[in-house]
1. Are any of the pairs LYS110/LYS131; LYS131/LYS164; LYS110/LYS164 more than 23 Å apart by Cα-Cα distance, and if so, which?
2. Rounded to whole Hz and in sequence order, give me ³J(HN,Hα) for segment 152-165 from the Karplus expression 6.51 cos²θ - 1.76 cosθ + 1.60, θ = phi - 60°, writing x for Gly and Pro.
3. Can you work out the FRET efficiency for the pair SER176 and GLU65, with r the C-beta to C-beta distance and R0 = 35 Å, to the nearest 0.05?
4. Which length gain, in nm to one decimal place, applies between GLU140 and THR163 when the Cα-Cα distance is subtracted from 0.36 nm times their residue separation?
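Coordinate-derived values only; no laboratory data. Nothing here was measured: the structure is a model prediction, and the numbers come from that model. Using ideal geometry, Cβ is built from the backbone for each residue, glycine included, and neighbour counts are taken over all protein chains shown.
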Amino acid sequence: MPEMIEKVGLLGHWAFLFVPAGFVLLVIFLAVLIGKTTKESRKEGPARSSQTLASLRNVDKYFSEEAFIGSLSNKLMSLCYAESMAEIRPFAECDMTPFLQRYQNAIDCKMLECVWMDYRLQEGYQYLAVKVRLGLVLYENGRAAKRDAHLMLGLVRSVNALTKSINDVRVYHCTSCGRSLSLLNGGRCEYCGTTMNLKEYDWVIGRCEWS
């Protein structure tokens, strides 16, 4: 009996050692996981967006995040509803034909998330990279189906197209005759036929990757 008690005592002693060791390993695992998540958040989350926006506002003092989101939402909505590149050519320099074909049955489109990834100046132009998540409703097989689309957009705009004031309202005019222009007809002047170069006034999609 004393020997059994001694063995039980030894087992209890080792078990006491194993429990803290397991707990320590669990703490280490959680610390690594949280650190990785925090690092990814800094890389592509709110901190990344804040840093990019700060860089942008160093150049464009009156830049409005809300106005940009509204304008980009309208462009992406036009992408989802467009039937050809001609309809979106003023604000999309890259070939978006595969995108148009993939989402040609879209009946609703909303921007759900926008992460500001990078901003830089180069040779008179501003380059802005954003990661966007779209909520789409597609008409498939006789019924509506919800889908998410994840886009990595590379936008470009002339350095001369800075926001002039806090309440700046963008109105497009033909560079040849001065008449007002509409993006609905492809940015082509109805009076003299001149086609506008939108990136001299606003952000244009120069690169687009999606999944």
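1. Going by Cα-Cα distance, LYS131/LYS164; LYS110/LYS164 fall outside the 23 Å limit.
2. So the J values, rounded to whole Hz, are 10, 10, x, 9, 9, 8, 4, 5, 7, 9, 7, 5, 7, 7.
3. Details: r = 33 Å, r/R0 = 0.95.
The formula returns an efficiency of 0.60 here.
4. Once the chain is fully extended between GLU140 and THR163, it gains 4.1 nm.
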